[in-house]
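Comments concern the structure below.
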Amino acid sequence: IKHLKERIRVHRITGRRGQKMRRKIKEEGKGAWTTLEEDETELKRLQQERTTRHKSQTQRLAKQKIKKQLRSSVISGKAGPYFPKKREWKQMELEAKFDVLHKQGGNKAVDALLKKKRKKNMGKASKFMPPAS
């Protein structure tokens, strides 16, 4: 990602300075020479891949935490074997997701996510509202 960002930056520089920088990158051998559009699409793909990987990791951590809690409650004798319903799983995963998010970024990160969700829901709700006349 770092190299792609550098190549995109060099693509955008015009004139003699840009030519020198492009030549320098080509000589260093940081991959085959590609166009600006190809580099931008590749950068976008890599960034999306990274965010997807990060999301799946947080989901996996949340699920592990829930399973650990269920196992410990069974072992300690507080509850018998318990198999949560799909709705309960979703609720517990959401709670665990917020816990993980809180550990990583604090209250600020949780507030930002909630703000984003509210904005998204408002957009959905306004789509179905009748037009004001």
Using r as the Cβ-Cβ distance of Trp89 and Lys117, and R0 as 22 Å, what FRET efficiency do you calculate, to the nearest 0.05? 0.70
Spacing of the two label points (7 Å from each Cα toward its C-beta) at Glu42 and Ala79, in nm: 5.0 nm
Which loop chymotrypsin sites (Phe, Trp or Tyr not before Pro) in the range 47-133, with loop taken from DSSP, have no more than 13 other Cβ atoms within 10 angstrom of their Cβ? Tyr82
Cα-based Rg/(2.2 N^0.38 Å) for the range 24-133, rounded to two decimals, is 1.68
Rounded to the nearest 10, the angle in degrees between the Cα long axis of helix 15-28 and the longest principal axis of the Cα atoms of the chain comes to 70 degrees
Rounded to the nearest Å, what's the spacing between the alpha carbon centres of the range 1-17 and the range 62-106? Just the number, please. 47 Å
Residue-normalised value, i.e. accessible area per residue, for the range 45-133 at 1.4 Å probe, in Å², stands at 91 Å²
Under 8 Å for C-alpha pairs, at least 6 residues apart: give me the relative contact order for the chain, rounded to a whole percent. 18 percent
Heavy atoms only, probe 1.4 Å: what % of the accessible area of the chain goes to carbon and sulfur, would you let me know? 55 percent
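The values are calculated or read from the model by the stated rules, or taken from the named source; none is laboratory data. Every value quoted in this text rests on a predicted model; they were computed, and no experiment measured them. Ideal geometry is used to build each Cβ from the backbone, glycine not excepted, and the neighbour counts take in all protein chains shown. Surface accessibility is based on the protein's heavy atoms, side chains included, excluding ligands, DNA and RNA. Shrake-Rupley method; radii C 1.70, N 1.55, O 1.52, S 1.80 Å.
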